[in-house]
Structures are given as structure tokens and as C-alpha cells.
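Report on the following structure.
The values are calculated or read from the model by the stated rules, or taken from the named source; none is laboratory data. This is a predicted model, so every value here is computed, not measured. Here the Cβ is made from the backbone with ideal geometry for all residues, glycine too, and neighbour counts use every protein chain on show.
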Amino acid sequence: MASAAAAVIDKRARRRRDQLTIAASALGTVFEWYDFFVYGTLAALIGRLFFPAGNETAQFLLALASFGVGFGVRPLGAVLFGYLGDRWGRKYTFLITITLMGIATAGVGLMPTYHQLGLAAPIGLIVLRVLQGLALGGEYGGAAIYVAEHAPLGRRGYWTSFIQASVIGGFLLSLIVVIASQVLISRTAWDDWGWRVPFLFSLVLLGVSIWMRMRLSESPVFRAMKERGAISGNPLRESFSSAKNVKLIVVAMLGVSAGLTVVWYTAQFSALYFLQNAERVDDMAARLIIGAGAVASLGWFVLFGWLSDRVGRKALMIIGYAATLVLIFPVFHLIASAANPGLAEAASRAPVFVSGPDCRYNPFAAGEQPTPCGRVLDHLSKKGVTYRKGRTPGLAVLVAGTPVADTSPAGLDAALAKHGWSTAKVVPSLDRAFVMWIGIVVLGCLSGLTYGPAAALLVELFPARIRYSSMSIPYHIGTGYFGGFLPFISQYIVARSGNPFAGFWYAFAVVAMALIVSVFWLPETIGRELD
């Protein structure tokens, strides 16, 4: 009788320990990704505050480029913290990473703006982005490995799916805090100091994260290695010492990390910028719709992580990549048709054609574009007007096939208005918002298919003694360079081409590459032991 009662108590203790393991790792990851994503959520505002005035398009692109810088240094963070994680242990390494992330994010909230500090402001901002990127380079691998090394063999995909879902949770939390701050703070105060609140809020999240993670014990796999004296002396060198492991690193980078990250960012940030810029949807309405879609999409990550324990990791990822290639353009056309029907109708009924001897357009130009054609394209891009370009001896602008005599900004606006173009921000009706929400949920499903099983797969690919380094480096190269610069690259393509859908070809190309690599070279890992 006593032994049965002890068994029940022991079972409850293990359940509480397991719940704490998942909750502390996942919540810490939510908070850390919140710190990273709040910057991306406020990219347009950051551009206006921290970069030279005079060109809104350039400011936005520079803000996105500095957003990408944080991703660009993630591989360095993966090298540094991967080494520490394989040498010192999983627990203490991701305690360091979350502390660094929280401090750097709060630093953004304390930074003087360009108006107050001049060029030192964007430089300081980029330094803080570098620190954020270094921290994130060690966070994801540590959390995923820690949970996977605690998980039962047949539940690894399900357990680690909460780490995957926590990434979208961080994005969602950043939207919630930004929206709540804007509601509670007046517009004047928001532009003056209120924008700092979401960044400073990270200090609260940092305190909660440290408290929870301090209660965790070290991974049982790492403890066993330490007891046997099997810890790698130089995990970085050992990760690249065999052709087999190098091949797995390359496959993990190109077939897993690059593809799933591009799908995820397309479903979240590209969709947000698409609504705000190309479709001229009110900023608050766009955030609410994306946030509601993110809430509904959380379940996809857990569902497909759980399913990967039954049907395998590789098959789900291949299905997700293939479905993305088929659906990405139709889904965004569906979203566009509901977001701003007037804009879509005007683009179809009264297309804009611009031609001239020199139609070069530089979105980064600090002042006026150097040519008359470039100045026309600059004005149309800022208005979110779709256009086609051509080459003629002289400048020509046609709206609905009718030549525009006055190509000054006022003349262009008058010609557009005459043919039914309206570039004012719109708030969609509930029925149209619902259609857009459906599109976001579909994109979330594609992300869940590719992201949900990924943590378990990446952990299972590599041996325990070099797992932190071997997993983190390809993951953060793939996500940092292919995914981190996606918002900048896609928005740059849109600005240069005048086609709001052109930027999605970058995502299409990366996903196609990931599909090919996964089909031919990605091994199935379900059922592998982690010891």
C-alpha cells in the first residue's frame, strides 16, 4: 500500500517536473522572441526615429536592414553559445542568452533618437541589434535540446512543438503589447516616448524568465555525459571534423532551417507589411488581423509536432514545402482581394504604365530621384500604387491608357483620383477581415507543417556531445540569412518593381531549394536515441 502511494506521488512529481521543463523553456523562448520581434513589429516607426529624414521608403528599408543585422550575427551567437552549451551545459547557457537579450531590448527603449543624437543613434541601435542576434543564436538551440533530452522517446515531437509554438507566441505577444500601448497612450505621447514602453517591458519578461529557468535542473543527457567524462573538448572543431556531420549540417541549413524560416516570416512579417504598405490597410487593423491569425495558428505547431511522432518528421516538412509552392500566390491574392477591393479594382480597371529613357529608381536615395521617371516611380511607390515600366524616348505616364500631362506629384494624384484610385488607409469590414484571417490561418498551417516537427528533427540529427553546436550553427545560418533578410529583400523587390506580389518570388525560390534538398538528402530521424 505504501509503495503504491509512493509510486503515485513519484508519478505526480515527474509530471510536475515535465510540465515545468516545457513551460519554463517555452515561456522563456516566448519572451526572448518577443524581444526580437517587437523591433520588427515597429519597423516603420523605428525607421522614422533612427534614420535620416527625407525618404520614407529608405527609412523603412534601412529599419528592415538593421532588423536583418540581428539575424545576420545569429550564427556567431550559435558558435559562441553552442560551444558553451556543449561544454558547460544546456541550462546555464540559455540563462546567459535570455539575460543578454532582455538587456539589449531594454537598451533600444532607452536609446536617444536620430533627432537627439545624430548618426550615433542608428549606430547604437545596430550595436543593440547585434547583441540581440548573438543572444538569439544561443537561445533556440538550448531550449529545443533541453526539452528534447527530457522528453520520452515517443513524445519528442510533441514536447518540442511547444518550443516551436513559442516562436509565434513571441510574435503574438509583441503585437499585443504594441496594440495595448497604442490604445492606452495618446498619439502624441506615443510618437514622443510611448513607443519605448514595449521595449522596456522586456525587463519584466526577463525577470519572469530567469525565475522560471533557475528552477530547472540540467539535462539528463548532459549530466550522463559529464559523469562519464564524455564531454567534447572542442565541440566546434569536432562538429566539422567528419564529412558525415558536415553533410548533415549543410542539409539542416538548406533543407530545414532556410525553408521553414522563410515560410514562417512570409506568414507573419511579409503578410503584415503586405497589408500595411501594398494594400493600404490601417496599421492597427492590420496588426489585429495578423494577431488573430497568429492565435489560430498556434495549434498547427503542436498538432504537426504531435503528428510527427506518428508519421515521421520528413514527410510533414516535404508536404509543407510543396503546399507552400502551390498556395503562396493564390493565398496572397485572396488576402489582397479582401483587404482593399477598391485598390485591387483600380489596378485592374485603370492600370498605371510608366516609361522613359531612364527609369532607374533607387529606394535608398536620400533626396530627389535623379531622373523624371525615377521621381514618378518614387511617388507611386510611396502611395502603394501598382505600376508597370517600359522604355520610351521621353517620359510617359498612362493611367487606364490615358496619357497624364502633368507628372508632378499633384498631377499624378489628380490623374489617379480621376480614374478611381484611392490610396488612403482603409479599415476592412468584418466580413472582409474574416476572409483575410482565413488566408493568414492557411499560411499558419503551412508554417506549422514545416516548423512543428523541426526541433525534434534537428535535435535527433546530431550526436549528444556536439549537439548544441552542430544544431545551432546551421539553424541560425539558415534562419539568419535566408529568413532574417526576407522582409528587407521582399520589400526592396516590391519597391523596385512596383508589383506588390513580386517580393514573394524570393520566398518561392528558397522554399523550392529546401524542398529539393529535403527530398533527396534529409534523413528521417524518428525513433533515434539521444544518448
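Here are a few things to note about the model shown:
- Selection status of Ala121, more than 18 Å from the chain's Cα centre (by Cα) and part of a helix (DSSP H, G or I): yes
- Criterion applied to Gly356, Gly293 was being among the small types (Gly, Ala, Ser), in contact (Cβ under 8 Å) with a residue 24 or more places away in the chain, assigned by TED's automatic domain parsing to the domain that holds Leu458 and in contact with a helix residue (DSSP H, G or I) (Cβ under 6 Å, 6 or more places away or on another chain), and the one residue passing it is Gly293.
- For the residues Ala410, Ala415, Ala405, the requirement of being assigned to a loop (DSSP other than H, G, I, E, B), among the small types (Gly, Ala, Ser) and at pLDDT 90 or above singles out Ala405.
- Some residue of region 482-503 being assigned by TED's automatic domain parsing to the domain that holds Leu84, closer than 22 Å to Ala322 by Cα and surrounded by fewer than 22 Cβ atoms within 10 Å (Cβ to Cβ): yes
- Conditions (1) modelled with pLDDT of 90 or more; (2) in a helix (DSSP H, G or I); (3) under 19 Å from Gly384 (Cβ atoms); number of the one not met by Phe353: (2)
- Screening region 329-350 for residues that are in a helix (DSSP H, G or I), within 24 Å of Leu398 (Cβ to Cβ) and of a type in the set (A, V, I, L, M) and picking the one that is farthest from the chain's Cα centre (by Cα) gives Ala346.
- Single match in Ile526, Ile489, Ile493 (criterion: out of contact with any His (no Cβ under 6 Å at 6 or more places or on another chain) and in contact (Cβ under 8 Å) with a residue 24 or more places away in the chain): Ile526
- Residue within region 209-220 that is among the β-branched types (Val, Ile, Thr) and under 25 Å from Val108 (Cα atoms) present: yes
- Odd one out for Pro112 among (1) in a helix (DSSP H, G or I); (2) surrounded by fewer than 24 Cβ atoms within 10 Å (Cβ to Cβ): (1)
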